[in-house]
Each structure stands twice: as structure tokens, then as C-alpha cells.
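This report concerns only the one structure given below.
The values are calculated or read from the model by the stated rules, or taken from the named source; none is laboratory data. Since the model is a prediction, treat every value here as computed from it, not as a measurement. All Cβ positions, even for glycine, are placed from backbone atoms using ideal geometry, and neighbour counts span all protein chains on display.
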Amino acid sequence: MTGNTLYDSLLIAIFVSAALTALVLLKIDAPYGRHKREGWGPKIPTRLGWIVMEAPASLLFFWFFFTGPNSGSAVALILLFMWQLHYVHRSFIYPFQIKVKPGSQEPLLVILMGSTYCGINGYLNGAFVSTYGTHLTNEWLQDPRFILGVMLFATGYYINKKSDAMLRALRASSADYQIPRGFVFNRVSMPNYFGEVLTWCGFALACWSLAGLSFVLFTMANLVPRALTNHRWYREKFADYPADRKAIFPWLL
């Protein structure tokens, strides 16, 4: 822990929230995408919702990164690049890449909950890298944890982005859902989720922090239940859905 009461309290809260989120999402399907339904209050346009939800992770990481003493180190700058490589794309590019039906909207409540978490997460990780990660000196560049973390991040990032691109191409070719095939889809129903988990496992290993670990656990708390729900949906919708596919982790789950 850092000794900063606000920081440490928020960090503990994220660990607790991850456990609660997993329990809730195992019982209730998140109401967006193919599982969208009424009864969740006011809505806002889907593209705007994505920006509002994801942008705080990018912007607050930037803000707190440049207020800390480590911000000029090579290790910190690499970690900044890794973080923003994902979140600049997810916040400001991805919303305009996805296929959205005219008039599509998402529940404001869900967007605000996601936005709150993303803001806290951006603060926790940005502040750790720039201020509290005293081990993140140039010597850390040679540490096996950093090297393996960067490699794992790159692998997960590639799987995530390639899988997302394949899904977009599939949806652009048809007005209805189809069975994705090829690449990691041959092993799991949601390789984009699998890639995202690997991405943040790599980041957490590279920066070696509780903030990074909390992100991994919260990511899994959100994505594993959703992957199980989507996997079940595919099996129910398609009679010929491949029986040997897992939901998110190849050969495991």
C-alpha cells in the first residue's frame, strides 16, 4: 500500500467491487449489445456512450501520469504507451468502427457505472506508474517481469484487435449474426475477451503493482460472466455451433 488514504481506499474498493461484480453478472446479463433490454432507465446514443464510458481511463491516466516524478523514465513512458495504445483506440476510434443500428442507444446507468470505474482505474494506474512505483527505474527494463509482461501485453493486444476486426467484418457482411470461424475463434467463442484479459495481465506483470492486479481481476469479473452468457447464446442460436469451443479460455472455460 502507498500510505495515501484516498489511493489505498479506492484500491481496496476495486478489489471488493470486482468480487461483487462477478457475482452480480453471473446472475444478471449486462443489458447492452445482443442482450439489450428495457427497464434500465434513460439511454444515450451508443457511440457517445462508448466515449463517455471509456475516455476517463485514458484522460485520467494521462493527467496523473504527468504529475508524478517518474513520468520521464523510459519504463514509465513505455507503460504509458501500452495503456494509451489500448484506451485511445477504445475511447476515440473503436466507437466509430463498430456497426451500430440507426437510433441505437445504451442505458445511461450502465455507461455511468463503467465511466466511474474507468476514471478510478486510470487514476490508480497512472498515479502508481508516475508516483508510487519506485521500482520503475531504467533498471526495470531488464527485469524478466517487465520483459515477459510487455510480450504478454503485445500478444493479448494482437488477439483482441484481430478478433474485434474479424467480428466487424462478419457483421458488415450480413444483417444477422453468424458463427465466427478461424484464428482463436476455433478455440473460444470470445477471443476478443481472452485477448483483453491477456493484455492487462501483461500490463500488471510489467508494472508489478496491486493497481494492475486489481485491473486484471475487475476485467475478468466483467468479461468472464459475459463470455459465458455469449457462449450460451451462440449455442442456443446455432444448432451447428462447434461443440469443442470453450467460452473464453482455450481448453479450460
Legend entry - Failed item in (1) surrounded by fewer than 15 Cβ atoms within 10 Å (Cβ to Cβ); (2) among the small types (G, A, S); (3) closer than 22 Å to N192 by Cα, with A55 passing the rest: (1)
Inset, instruction - Output the residue which, of all residues in the range 63-81 that are in contact (Cβ under 8 Å) with a residue 12 or more places away in the chain and in a loop (DSSP other than H, G, I, E, B), is farthest from G119 (Cα to Cα). - result: S73
Legend entry - Of all residues making up the range 1-31, the number that are in a loop (DSSP other than H, G, I, E, B), farther than 17 Å from S209 by Cα and not small (G, A, S): 5
Legend entry - Search result, residues across the range 198-231 that are within 9 Å of the chain's Cα centre (by Cα) and among the hydroxyl-bearing types (S, T, Y): T199, T219
Legend entry - Unmet criterion (only one of (1) surrounded by 15 or more Cβ atoms within 10 Å (Cβ to Cβ); (2) over 30 Å from L170 (Cα atoms); (3) not basic (K, R)) for H89: (2)
Inset, instruction - Look at the range 107-131 and say how many of its residues are touching a Gly at 6+ places or on another chain (Cβ under 8 Å) and of a type in the set (S, T, Y). - result: 2
Inset, instruction - Would you be able to say whether some residue in the range 160-169 is in a helix (DSSP H, G or I), under 24 Å from G41 (Cβ atoms) and touching a residue at least 24 places away in the same chain (Cβ under 8 Å)? - result: no
Legend entry - Scope the range 92-116; condition in a helix (DSSP H, G or I) and surrounded by fewer than 20 Cβ atoms within 10 Å (Cβ to Cβ); matching residues: F92, Y94, F96, L108, L109, V110, L112, M113, S115, T116
Legend entry - Where a residue in the range 226-253 is exposed (fewer than 12 other Cβ atoms within 10 Å of the Cβ) and its partner, wherever it lies, is not hydrophobic (A, V, I, L, M, F, W, C) and not in a loop (DSSP other than H, G, I, E, B), with Cβ under 9 Å and at least six apart: A243/R235; D244/N186; L252/K246
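For every residue, the table says whether it meets (1) among the basic types (K, R); (2) surrounded by fewer than 21 Cβ atoms within 10 Å (Cβ to Cβ); (3) under 17 Å from the mean Cα position of the chain (by Cα).
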residue: S130; (1), (2), (3): no, no, no
residue: F153; (1), (2), (3): no, no, yes
residue: F183; (1), (2), (3): no, yes, no
residue: E196; (1), (2), (3): no, no, yes
Legend entry - One residue from I14, I44, I28, I78 being over 18 Å from the mean Cα position of the chain (by Cα), over 25 Å from R171 (Cα atoms), at pLDDT 85 or above and not aromatic (F, W, Y): I78
